[in-house]
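The values are calculated or read from the model by the stated rules, or taken from the named source; none is laboratory data. What you see is a predicted model; the values in this text were computed from it and never measured. Positions of Cβ are generated from backbone atoms using ideal geometry, with glycine treated the same way; all protein chains shown enter the neighbour counts. Side chains are part of the model used for accessible areas, which takes the heavy atoms of the whole protein and leaves out ligands, DNA and RNA. Shrake-Rupley method; radii C 1.70, N 1.55, O 1.52, S 1.80 Å.
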Amino acid sequence: MSGPDRSPQHPMDLTASVRQLLRRTIEAYADSPQAAGWLQHHLDRFGEPLRVAIAGKVKAGKSTLLNALVGEQIAPTDAGECTRVVTWYQDAPSPKVRMFPRNGPPRPLTITRHRGALSFDLQGVPVEQVDRLLVDWPSQSLRTTNLIDTPGIGSLSADTSARASAFLTPDDSPSPADAVVYLMRHLHAGDVRFLEAFHDRGVARATPVNTIAVLSRADEIGVGRLDALTSARRIARRYRGDEKLRGLCQTVVAVAGLLAESARTMRQDEFTALSELAALPRADVESMLLSADRFGRTELDRPDGDTRVALLERFGLFGVRLGTTLIRQGVTDSSALTAELIRRSGLDELRTVLANQFAERRDLLKSRSALLAIDLVLTREPRPSAAPLRAEVERILAGAHEFVELRTLSALRGGAVTFSPDAAEDAERLLGGDGGSPAARLGLAPGTEPGDLHAAAREALSRWKRRAESPLTGRSSADAARVVVRSCEGILATSAPYR
Amino acid sequence: MAVPEAVELVDIALKATTAYERPDLATRLQQTRARLSDPNVRVLVVGEFKQGKSQLVNALVNATVCPVDDDIATAVPTLVRHGDETTVTLVREGGGSDERTPVPVERLAEHVSEAGNPGNRARLTRAEVTLPRKLLSSGLVLVDTPGVGGLGSAHGAATMSALPTADAVVLVSDASQEYSAPELEFLRAAMKLCPNVGCVVTKTDLYPHWRRIVELDEGHLHDAGIDARVIPVSSALRLHAALTQDMDLITESGFQELVGFLLRKVVARADDLDRTSVGQDVLITCRALSATMRAELISQEDPERAERLAGDLEEAKTRVDALRQRSARWQTTLNDGIADLIADIDYDLRDRLRTVSREAEQLLDDADPADIWDQFAEWFHRQVSQAVAQNFVWTTERSRWLAEQVAEHFAEAIDVQLPELRIAGGAVAGKVDSLEMPVGEKFGAGQKLFVGMRGGYGGMLMLGLASTVAGFALLNPVSIGAGLLFGAKTVRDERKRLVQRRQAEAKGAVRKHIDEATFQVGKDSRDNLRQIQRELRDHFTMLAEELSTALAESVVAAQSALRTDADRQKRIADLNAELERVESLAERARSLAGAVASP
């Protein structure tokens, strides 16, 4: 792989050299407007927030999860199939929606609100003519990440599916999204087929490092029982250990999207209604909650029927059940209930994973996208003057330890390199599989004393040196072990020993 | 239970054949009788993973027989039928004899769910559960199947091949979302194999919007041209209602409609089929009996005409005998039809598999097989099973159509030549119908294909691919970790050569596998079509023989005119009385068959 004498590059250096390479390539291709435009686009993209696409089968709860992440009901949701056009959400000072037709200039759309949620009117333009919608929305949550809502895969309108696939895995170019959150309901042949599609097209993009999977609508797996999420978490854990999925995504998290969305946007009147329900005799509430129909129909003054129907719509049977139980157990104010519901919905866990896997690696993923773009241009329009550029691409690829780490992580997860299960877990963590900070790499709690970090890193280093040098280690495993050794050295370089 | 009046009628007709010394007519009636003694009406409960199929079966029989779990799915089909006691038997088919192991009820989950028996490692064919339940006593047999996971999956193919022998299919989909493309694709294919379909939307207790979903589903069915009812149910409410005996809950659960569908549209339909075919079988017997008597009657009443009648009958017999010759039109239709069918099906299979092969080679051209082999092998398998399943659907459809053609030509020939012994076209069609819906496993065309596919494609070929994978030079140390991210760029020429070699080897494996699949599946479907050909030929030849014997008897009867007037008058009176009796039997047969058409 790379020479052991070179010291690990800092991500900033990597970003800088990739940017510079982008500029040089643009100069070299100044006479080709198409190539230059394409590269300029990638250079611009560098400064933009990370693009995370939310993908998955139809009705997996993509828009709901997007709303939960943003904390507002901005993506339209419905009982039937809803999202039919790829929609981008980005932070901006004022709300605005623009439609990008396939042919022709972008057009502004008017925003209308329907029962709290946004809805867009395409002004009679057929969906197949629309390339994408771009929604500007002032939101803290969108500041570092652009979220992209995609139409469902496996949709009945074959065309909607095709649009989703074309967006996520275009045949001839690197994906416009830097990372993907793939929503799946209970594991289904179609799901894995899609994940395969994401990785198989062309060797270059084949990496599980920019995908995480979410077991969505987690409350429904246990048919709305109070312990439904425990069950869902168990399933997510099983998936995490599943050979096939390990090779396809970073990790699997269970999230009850509807609960998370509604909890983040809970209103005072909803809390009041839940409290009133909790005050009723328990047997009465349980009998009402036997079915959605009953809950809306039962004769009861407070909360009245309409309120209950609205409550059910927002929280689902599971949410109402959990909410009333929590209030009965002593949660007294709405902010405490919100926090508890969010925690139980699994959203916190998802946000942590997103921060660790994507936000931390933002520059790395962006650099990767950019290098892919350069490589594509060099391959499509080869010219003699570009030869040094190609050498530079190779140099960055081979030299940047971050890429080597990513590659080794992929190999480990894909099963191309094998260690004993314990050692594999250790290696993945040290390579940054659970997060890039020294503490995360060493499996220690955040805020651990630098001295302890140093000692742990030293220990890990000698452990992996032994493994790398052992004559019993196979060649490929030894290569991977040497990569881990370099990661350990990197950790040591940033942490101070005991004084 | 089989329709009692049908059984009774066949018994009377059998007695009549003994009384009139016509054992030649008894054979077919005995077969009818045997068919009636197997009263099972099989309903397959199918659907994607985790839609609540097992829970639906449990709620229907109001017992926790099929294991239900948030996570673990069903791996083995479970057949629930009536029995005086609750029993569970595991069945492992193989090599001609079935291995049957009784197990305690509470241990069923260990054997049929993915947890205890992952991927059906224990190679069970099915589990059979008997329960003392009124609903099942009508002969209803519910089959809980593993989730299909799309038409191309192994479960999908297995379910598909079990469909032709089912009386009805219940497609289960939960109220969380409208039908997805794979579900509708499956339903469309299933309709061709078993047209009696009910669509159940489960878990209506959990989803406030279930009415919308039902509406959307109905719309999708309508758009797809599928004529099936959508029945929304809640298994949880039904089970809860069984505990509390709350009538409102039972109504809300929607199960009354589902049970109504099963009893009226499925069990009753199977019973109707029994009635029609039994009525017509008996009618044919009656006509054969009365034809002989009438021939004698005519010659007794008018001895002058006896000679001429005998001559006509003799001629008719020659013509009926000609029907047994290989040159008869129906025989030509059958033989040519089967030959064409074999060629077409074979072509279709080759064509489909060739397409798969082309796509596979394209995929292998685009990547290093070492990187994608696992995923590729799975994709490839799915494509092959999908091709085989589609080919199977088409085979079934075409062979049914052929059987109808043959029946029609046979009926036409008889109509033209024997107006007075006219066999209603429906009679033959009735028999063909019973071929369509084999009550019992006698007409095992579909069943054979099932076994054929399991043993042929599922069994041997899976092994075949496994061994090609094993022998594959994949674990080339140079390739490890390569190409997963940017590795492709650092590929040296020598590595390029290695990749090319791997690509060539992978393509070789693909071609070899396609070859074997074509050979094995082709042979299976050829054998099956030959089997269908034999069944049809034997059936119609027997009918022709019966007719011929009946005519021979009639000739003898026509020539047996008595000498003295007194004897003759007495014989005429006897014959009239006998004819009346036969006629009353025929009347009963007609009313049995007619009872179906009128309400």
Which one is nearest to the other protein chains (Cβ to nearest Cβ) among residues in segment A:253-279 that are loosely packed, with under 14 Cβ neighbours inside 10 Å and of a type outside the set (Lys, Arg)?
A:Asp269
Picked from segment B:50-76 (must be at pLDDT below 85 and in contact with a Ser or Thr (Cβ under 9 Å, 6 or more places away or on another chain)), the residue surrounded by the fewest Cβ atoms within 10 Å (Cβ to Cβ) is B:Asp69
Conditions: (1) farther than 19 Å from B:Val393 by Cβ; (2) within 9 Å of another protein chain (Cβ to nearest Cβ). B:Asp217 meets all but one. Number of the miss?
(2)
Among the residues of segment B:220-233, are any within 22 Å of A:Leu317 (Cα to Cα) and in a loop (DSSP other than H, G, I, E, B)?
yes
So A:Ala478 clears everything in (1) over 33 Å from the mean Cα position of the chain (by Cα); (2) open to solvent by less than 60 Å² (accessible area, probe 1.4 Å) except one condition, right? Which one?
(1)
Pick from segment A:359-375 the residues that are part of a helix (DSSP H, G or I) and open to solvent by 40 Å² or more (accessible area, probe 1.4 Å): which of them is farthest from A:Ala260 (Cα to Cα)?
A:Asp363
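Working only within segment B:88-124, note down all residues that are in a loop (DSSP other than H, G, I, E, B), within 13 Å of B:Ala75 (Cα to Cα) and either free of Cβ contacts under 8 Å to residues at least 40 places away in the same chain or open to solvent by 30 Å² or more (accessible area, probe 1.4 Å) (or both).
Kept after step one, since they are in a loop (DSSP other than H, G, I, E, B), are these residues of segment B:88-124: B:93-98, B:104, B:114-117, B:121-124.
Then keep just the ones that are within 13 Å of B:Ala75 (Cα to Cα); that gives B:114-117, B:121-124.
Listed by number, the residues that qualify are B:Glu114, B:Ala115, B:Gly116, B:Arg121, B:Ala122, B:Arg123.
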Within segment B:173-200, can you find the residues that are assigned to a helix (DSSP H, G or I) and either under 14 Å from B:Leu44 (Cα atoms) or out of contact with any helix residue (DSSP H, G or I) (no Cβ under 8 Å at 6 or more places or on another chain) (or both)?
B:Glu183, B:Glu185, B:Phe186, B:Leu187, B:Arg188, B:Ala190, B:Met191, B:Leu193
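Against the definition (more than 30 Å from A:Leu371 (Cβ to Cβ) and either assigned by TED's automatic domain parsing to the domain that holds A:Met184 or at pLDDT below 85 (or both)), how does A:Pro95 come out, yes or no?
yes
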A:Asp452 fails exactly one of the following numbered conditions: (1) part of a loop (DSSP other than H, G, I, E, B); (2) open to solvent by 30 Å² or more (accessible area, probe 1.4 Å). What is the number of that condition?
(1)
Between a first residue in segment B:238-251 that is touching a residue at least 24 places away in the same chain (Cβ under 8 Å) and a second residue that is surrounded by fewer than 17 Cβ atoms within 10 Å (Cβ to Cβ), which pairs have beta carbons less than 7 Å apart while being 6 or more apart in sequence or on different chains?
B:Ala242/B:Asn62
So A:Ala411 clears everything in (1) closer than 29 Å to A:Asp375 by Cβ; (2) in a helix (DSSP H, G or I); (3) more than 10 Å from chain B (Cβ to nearest Cβ) except one condition, right? Which one?
(3)
Residue count, segment B:381-411 (criterion: over 20 Å from B:Asn528 (Cα atoms) and within 12 Å of chain A (Cβ to nearest Cβ)):
3
Qualifying position, being at pLDDT below 80 and out of contact with any Lys or Arg (no Cβ under 8 Å at 6 or more places or on another chain), among B:Leu547, B:Leu551:
B:Leu547
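Name the one entry in A:Leu50, A:Leu43 that is crowded, with 20+ Cβ neighbours inside 10 Å and among the aliphatic types (A, V, I, L, M).
Working: A:Leu43 fails: crowded, with 20+ Cβ neighbours inside 10 Å.
After applying the criteria, what remains is A:Leu50.
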Confirm whether B:Ala236 is crowded, with 17+ Cβ neighbours inside 10 Å, in a helix (DSSP H, G or I), more than 13 Å from chain A (Cβ to nearest Cβ) and of a type outside the set (Asp, Glu).
no
Got a number for residues in segment A:53-66 being of a type in the set (Val, Ile, Thr) and open to solvent by less than 20 Å² (accessible area, probe 1.4 Å)?
2
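Residue under question is A:Glu381, and the condition is that it be more than 13 Å from chain B (Cβ to nearest Cβ), farther than 27 Å from B:Trp373 by Cα and touching a residue at least 24 places away in the same chain (Cβ under 8 Å); does it hold?
Criteria met by A:Glu381.
Yes/no matrix, rows are residues, columns are (1) open to solvent by 60 Å² or more (accessible area, probe 1.4 Å); (2) in contact with an Asp or Glu (Cβ under 9 Å, 6 or more places away or on another chain):
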residue	(1), (2)
B:Tyr347	yes, no
B:Arg350	yes, no
B:Val356	no, no
B:Glu361	no, no
B:Ala367	no, yes
B:Trp373	no, no
B:Phe376	no, yes
B:His381	no, no
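Filter segment A:280-308 for residues that are small (Gly, Ala, Ser) and either open to solvent by 40 Å² or more (accessible area, probe 1.4 Å) or assigned by TED's automatic domain parsing to the domain that holds A:Arg225 (or both) and give the result.
Those that are small (Gly, Ala, Ser) and either open to solvent by 40 Å² or more (accessible area, probe 1.4 Å) or assigned by TED's automatic domain parsing to the domain that holds A:Arg225 (or both): A:Ala283, A:Ser287.
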Of these, B:Ala175, B:Ala127, B:Ala190, which one is at pLDDT 80 or above, within 13 Å of chain A (Cβ to nearest Cβ) and buried (at least 22 other Cβ atoms within 10 Å of the Cβ)?
B:Ala175
Residue check: is A:Gly414 touching a helix residue (DSSP H, G or I) at 6+ places or on another chain (Cβ under 8 Å), open to solvent by 30 Å² or more (accessible area, probe 1.4 Å) and either at pLDDT below 85 or not β-branched (Val, Ile, Thr) (or both)?
yes
Counted residues, segment A:309-358 - those being surrounded by 20 or more Cβ atoms within 10 Å (Cβ to Cβ), within 14 Å of chain B (Cβ to nearest Cβ) and without any contact (Cβ under 8 Å) to a residue 40 or more places away in the chain
1
(1) touching a helix residue (DSSP H, G or I) at 6+ places or on another chain (Cβ under 9 Å); (2) surrounded by fewer than 21 Cβ atoms within 10 Å (Cβ to Cβ) all hold for B:Lys570 apart from (1)
Residues of segment A:128-147 being outside any strand (DSSP E or B) and open to solvent by 40 Å² or more (accessible area, probe 1.4 Å), in sequence order, are A:Glu128, A:Gln129, A:Pro138, A:Gln140, A:Ser141, A:Arg143, A:Thr144
